[in-house]
Amino acid sequence: MAILILGLVLFLGVHSTRIVADGWRTAAIARIGGLPWKAVYALASIAGFVLIVRGFGLARANPVYLWEAPMAMRHIAGLLMLVAFVLLVATYVPRNSIKARLHHPMVLSVKVWALAHLLANGNLADVVLFGAFLVWAVFSFRAARKRDRANGTVYPPGTAAGTAVTVAVGVVAWAVFAFWAHGLLFGVRPFG
């Protein structure tokens, strides 16, 4: 569990600089430059991610069960993951109404992903991993919205075509992941 927690501290810590130290981050980028900042950020993120994957795998090898999720929660989690995939895709498809309205769909996707997995899983490693990401996403979204208000950020309006593409790609990506890739990558088939 210690490796998982260390990975979460490193990964989410790096991703929290805009939440807790936005002024310091801006000053550091100005001092060392954008490219070196991105390099350090990427290396720390990768190291944290590797530790999370390794630590989660070790923790799941000797699970500590806190509760058994009812079967209904797995179905609810599946539906929430559909929403999470559409939100994730909305981050990248230009001129979609979802991003125009919600402004930060990536962070909302992380929130929904973490909540879905908390509902469907009841061991300690799951609670630590998904709970940490859920708490981070709540604070990250709040900080991002606050920055938007302070900077007067205006998001371009979405179009019906952009929104349709977002939803279609999100549904296809969800189906591929739910029915095939999740089992291949993590050994757990949500619908199989």
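The values are calculated or read from the model by the stated rules, or taken from the named source; none is laboratory data. Since the model is a prediction, treat every value here as computed from it, not as a measurement. Quick reminder, even Gly has a Cβ in these numbers, built from the backbone with ideal geometry, and neighbours come from all protein chains shown.
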Consider the range 63-103. How many of its residues are within 30 Å of ILE3 (Cβ to Cβ) and either of a type outside the set (S, T, N, Q) or outside the structural domain of VAL188 (by TED's automatic domain parsing) (or both)?
17
Please name all residue pairs, on different chains or six or more residues apart, with Cβ atoms under 9 Å, provided the first residue is in the range 1-12 and is assigned by TED's automatic domain parsing to the domain that holds ILE52 and the second residue is outside any helix (DSSP H, G or I).
MET1/VAL64
Return the residue satisfying two criteria in turn: it lies in the range 152-192 and is of a type in the set (A, V, I, L, M) and not in a helix (DSSP H, G or I), and of such residues it is surrounded by the fewest Cβ atoms within 10 Å (Cβ to Cβ).
VAL154
